[in-house]
Amino acid sequence: MVTTATVRRVRSGAPWETKIGYCRAVRTGPFVAVAGTAPVAEGGGVHAPGDARAQTERCIAIATKALRELGASLADVVRTRLYVTDISRWAEYGAAHAAAFGEHPPASTMVEVKALVDPAMLVEIEIDAIVGATAGPAG
């Protein structure tokens, strides 16, 4: 028996969405995928140039908004991927990540990349979540 799941999409209005052909996040069933999220400032441009922690916090804030619009939260996140332009600043990115996820740390990867879409961007984050997944005992 073949079943189909409803696909819901969230768009952020970022100019790259229409130019590249993607949306901020997609949910099908309990699975939510949040596209690479860069530190775009409220009015456009780059949030907190030069500040790795603040840029990471901004990426997570944008992704959190998309998750909420699709009925998910940071507690539902099972995987993150951080793409950073300077891996020597890993502790700054990591501190923001750890603060955001607290008692619900996801599986995570941080990799250095040559560049992001804007040279002032230091980090971009992808997030995968499963809505309603409950954490069992650590082990």
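Could you tell me whether region 75-96 includes any residue that is polar (S, T, N, Q), in contact with a strand residue (DSSP E or B) (Cβ under 9 Å, 6 or more places away or on another chain), at pLDDT 95 or above and closer than 25 Å to G13 by Cα?
Scanning region 75-96, I find at least one residue that is polar (S, T, N, Q), in contact with a strand residue (DSSP E or B) (Cβ under 9 Å, 6 or more places away or on another chain), at pLDDT 95 or above and closer than 25 Å to G13 by Cα, so the answer is yes.
Can you confirm whether region 32-45 contains a residue that is under 22 Å from A98 (Cα atoms), out of contact with any Leu (no Cβ under 6 Å at 6 or more places or on another chain), buried (at least 17 other Cβ atoms within 10 Å of the Cβ) and without any contact (Cβ under 8 Å) to a residue 40 or more places away in the chain?
Yes; the residues of region 32-45 include at least one that is under 22 Å from A98 (Cα atoms), out of contact with any Leu (no Cβ under 6 Å at 6 or more places or on another chain), buried (at least 17 other Cβ atoms within 10 Å of the Cβ) and without any contact (Cβ under 8 Å) to a residue 40 or more places away in the chain.
Just give me the residues in region 13-31 being surrounded by 14 or more Cβ atoms within 10 Å (Cβ to Cβ), at pLDDT below 90 and either part of a loop (DSSP other than H, G, I, E, B) or not aromatic (F, W, Y) (or both), in sequence order.
Those that are surrounded by 14 or more Cβ atoms within 10 Å (Cβ to Cβ), at pLDDT below 90 and either part of a loop (DSSP other than H, G, I, E, B) or not aromatic (F, W, Y) (or both): A14, E17.
Applying the selection to region 32-46, what residues are under 13 Å from A63 (Cβ atoms) and part of a loop (DSSP other than H, G, I, E, B)?
Hits for region 32-46 are A38, P39.
Which one of the conditions (1) over 24 Å from G132 (Cα atoms); (2) of a type in the set (D, E, K, R); (3) assigned to a strand (DSSP E or B) does R8 fail to meet, given that it meets all the rest?
Result: R8 passes all but (1).
Name the pairs whose Cβ atoms lie under 8 Å apart, with the first residue in region 113-133 and surrounded by fewer than 16 Cβ atoms within 10 Å (Cβ to Cβ) and at pLDDT below 95, the second assigned to a loop (DSSP other than H, G, I, E, B) and not aromatic (F, W, Y), and 6 or more positions between them or separate chains?
Pairs that qualify, where the first residue is surrounded by fewer than 16 Cβ atoms within 10 Å (Cβ to Cβ) and at pLDDT below 95 and the partner is assigned to a loop (DSSP other than H, G, I, E, B) and not aromatic (F, W, Y), are V117/A38; G132/P30; A133/P30.
The values are calculated or read from the model by the stated rules, or taken from the named source; none is laboratory data. Note that the coordinates shown come from a computational prediction; the quantities given were computed from them, not determined experimentally. Cβ: placed from backbone, ideal geometry, glycine included. Neighbour counts: every protein chain shown.
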